[in-house]
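One structure is given here, and the rest of the page talks about it.
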Amino acid sequence: MVSVRLPDGSQRQFDAPVTVAQVAASIGAGLAKAALAGKVDGALVDTSHLIDHDVNLAIITDKDADGLEVIRHSTAHLLAYAVKSLFPDAQVTIGPVIDNGFFYDFSYKRPFTPEDLETIEKKMTELAKKDEPVTRQVLPRDEAVAYFKSIGEAYKAEIIESIPADQEVSLYTEGSFTDLCRGPHVPSTGKLKVFKLMKLAGAYWRGDSKNEMLQRVYGTAWAKKEEQEAYLHMLEEADKRDHRKLGRLLDLFHFQEEAPGLIFWHPKGWTVWQQVEQYMRHVYQDNGYQEVKAPQILDRSLWEKSGHWDNYKDNMFTTDSENRAYALKPMNCPGHVQIFRANMHSYRELPLRFGEFGQCHRNEPSGSLHGMMRVRGFTQDDGHIFCTEDQILDECVAFTALLQKVYRDFGFTEVIYKVATRPEKRVGSDDLWDKAENALIESLKRSNCEFEISPGEGAFYGPKVEYTLKDAIGRTWQCGTIQVDFSMPVRLEAEYVAEDNTRKVPVMLHRAILGSLERFIGMLIENHAGALPIWLAPVQVSILNISEAQADYAQTVAQALKKQGFRVHTDLRNEKINYKIREHSVQKLPYILVVGDKERDANTVAVRARGNVDLGSMSIDSLVERLQQEIAAKV
């Protein structure tokens, strides 16, 4: 007798071993048809999986997140099946699921083309419509190696040879195609109905540049057509909002090969930077932070004491001078501990909050660099709070409230909260990790924030809360963080004088709101599609004259607005006014002012708001009042 407990708590009894598919059929024909896989005692399995003892079982359909992963994994195999059907000489390597889709790497004698992609996708649709069953078999390792060598799949044979000899491997077959895989897969290819091949890229075999360059085919797959259409629409929007394109269009910044992962800021872009930095500087000042500045380069010995050298050295830029080893700082925390240690502090001074716009460098792989979103040199709105254990909770609660206000001011209202707990590679005792994790969890509860747990995702020195923003087109960006660290102050010998006149070690809270300013500005550009709110816009007002007769008046208006602190551009070129208006509209300016004889004589301006909204004529004083109100409200 086999007992199967379902998610609703009900049980089903079977006289003999039974497959997942048979359990689904016993519940109903609709579920049997919809079943993609099963989850037996928490492990994903095929619908053909045989249950021969009492288990907990969930039937997985396309309504489940696990179901979507099975669809994408199976579609990657369908892609390989199609490629082998069309290009028999191609060799298949690996094809994992990734965010929103999958990829598969191939070795082939010539580069695939966009036309090939269309042909492959058409073949995939044809094969899916055959609704061929997907079957699983298990072979001893050496037998599987021999099989793949016999069919000329050298890469698959190499993968299997890296598996211990005493292990078995599973193979999946659909039609004439057999592939190595742990599974699970959909029961038949007919379950795969919504997919699209997206692009081609290069990828080294096993990620090693010494190996052959393979061809990577990216695709996306979904349970429903409307979900894929929404995703593709989002990608179109993302392409329009790409900060790299807008950076060139709006003359904000550029990148070049001589400085990989580093940014050349143009005057307009640096103006945006200054608005963000000055805003955050006021946040520091208004919330009890003292701004500090630590050195860019520190001796290796300090990085060894902090733990970074053992846990992070592969990501650090190093240099030598006079037989001493140094590293460019990838983080600001050890420097802030040195500033704390420079003076003896009383418990009465705690919490002591240091803030820095700290420039950091990290040796990111060149292949991972992505505009402003992944760089090698960046500046953090970094802060460290030195406090007692009793003060941790209040500081974390206050930080979350502050962070929420800052995000609202920048136009982000939806925040996702995650608590990242202890990783395998870490410093400090389990007791201290318990205290740190519990403090963060309790702080989010007191802040009335719903949150998720991310097991093992904490930093090596402490757990953290990750604050993730959702932008205007639904993408998520992890920005802020607060981390509770009991270990680094001990390692770097930080102390304060306690109430009983003894020396004690403070707790250190690492915190950032924006994270990397470069990345955050890239997010702002994409979130607002380049049309930055007036308080951030590099040029807030552009003044255009209709003819030379109004040039002096245009300059007078510009000077009046500049004296009020506005960022103003004047266009006095001898061009038609409609041409100038169109040209400045492309720059996504908040306001365009047009002055002709009528405006000059009446001491007014004709005002156009962004989006070609005609606001009519205004006096200078009325315009100033409007602009000031809009800037103050951070509209």
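The values are calculated or read from the model by the stated rules, or taken from the named source; none is laboratory data. Please read these numbers as outputs of a predicted model, since none were measured by experiment. All Cβ positions, glycine included, derive from the backbone under ideal geometry; neighbour counts span all protein chains shown. SASA here: full protein model, heavy atoms, side chains in, ligands and nucleic acids out. Shrake-Rupley method; radii C 1.70, N 1.55, O 1.52, S 1.80 Å.
Relative to the Cα centre, the charge distribution of the chain, modelled as +1 at Lys and Arg Cβ and -1 at Asp and Glu Cβ, gives a dipole magnitude of about 1400 debye.
Among DSSP beta bridges lying fully in the range 5-93, give the percent that are antiparallel, nearest 5.
Values: 10 of 11 bridges.
Percent antiparallel among DSSP bridges in the range 5-93 is about 90.
Helical runs (DSSP H, four residues minimum) scored at -39500 (n - 2.57) apiece and divided by the length of the chain put the mean residue ellipticity at 222 nm at -11000 deg cm²/dmol.
Carbon-plus-sulfur accessible fraction, the chain (probe radius 1.4 Å, protein heavy atoms only): 47%.
Could you please report the charge total around S622, scoring K, R as +1 and D, E as -1 over all other residues with beta-carbon less than 14 angstrom from its beta-carbon? Walk me through the numbers on the way to the answer.
Details: positive: R626; negative: E599, D621, E625, E630.
Summing Lys/Arg as +1 and Asp/Glu as -1 gives -3.
The number of Lys pairs in the range 1-151 with C-alpha atoms less than 23 Å apart, excluding pairs fewer than 8 positions apart on the same chain, is 15. Taking θ as phi - 60° and the Karplus parameters 6.51, -1.76 and 1.60, the scalar couplings of the range 379-387 work out to 10, 9, 7, 8, x, 9, 10, 9, 8 Hz in sequence order, x denoting glycine and proline.
Taking θ as phi - 60° and the Karplus parameters 6.51, -1.76 and 1.60, the scalar couplings of the range 391-402 work out to 8, 4, 4, 4, 5, 5, 5, 5, 5, 4, 5, 5 Hz in sequence order, x denoting glycine and proline. Please compute the length gained on full extension between L31 and A398, using 0.36 nm multiplied by the number of residues separating them and subtracting their Cα-Cα distance. Computed gain between L31 and A398 is 127.3 nm.
One Cα centroid belongs to the range 44-69, the other to the range 298-354; the line between them spans 50 Å. Applying 1/(1 + (r/R0)^6) with r as the Cβ-Cβ distance of D66 and E442 and R0 = 30 angstrom yields a FRET efficiency of 0.45.
For the chain, the calculated P(r), taken from all Cα-Cα distances in 20 Å bins from zero up to the bin holding the longest distance, is 15, 37, 35, 12, 1 percent.
Please give the contour-minus-distance gain from D251 to S585: 0.36 nm per residue of separation, less the Cα-Cα distance, rounded to one decimal in nm.
Values: separation 334, 0.36 × 334 = 120.24 nm, distance 1.41 nm.
Gain on extension, D251 to S585, equals 118.8 nm.
Take the Cβ atoms of D286 and S3, set R0 to 45 Å, and the FRET efficiency comes out at 0.15.
Placing a pseudo-label 7 Å from each Cα along the Cα-to-Cβ vector at R348 and D320 gives an inter-label distance of 5.1 nm. Per residue, the average separation of C-alpha pairs within less than 8 Å and at least 6 apart gives the range 288-443 a relative contact order of 21 percent.
Per residue, the range 115-161 exposes an accessible area of 57 Å² to a 1.4 Å probe, with every protein chain left in place.
Multiplying the sequence separation of S368 and K149 by 0.36 nm and subtracting their Cα-Cα distance, what value in nm do you get?
Values: separation 219, 0.36 × 219 = 78.84 nm, distance 3.38 nm.
Difference between extended and current length: 75.5 nm.
Just need log10 I(q)/I(0) for the range 202-310 at q = 0.21 Å⁻¹, Debye formula, equal scatterers on the alpha-carbon atoms, no solvent, rounded to two decimals. Once normalised to I(0) and log-transformed, intensities are -1.10. Seen against the Cα atoms of the chain and their longest principal axis, helix 551-563 is set at about 80 degrees. The residue list F177, V427, I51 was ranked by how far each Cα lies along the charge dipole of the chain toward its positive end, using unit charges on Cβ atoms, and F177 comes out on top.
With θ taken as phi - 60° and the Karplus curve 6.51 cos²θ - 1.76 cosθ + 1.60 applied, the whole-hertz 3J(HN,Hα) list for the range 530-545 is x, 8, 5, x, 4, 6, 9, 4, x, 10, 8, 9, 10, 10, 10, 9 Hz, x standing for glycine and proline.
Per the Debye calculation on the range 276-356 with a single equal scatterer at every Cα and no solvent contribution, log₁₀ I(q)/I(0) for q = 0.20, 0.23, 0.26 Å⁻¹ amounts to -0.95, -1.07, -1.19. Each Cα pair under 8 Å and six or more residues apart adds its sequence gap; the mean of these over the residue count of the chain is a relative contact order of 9 percent.
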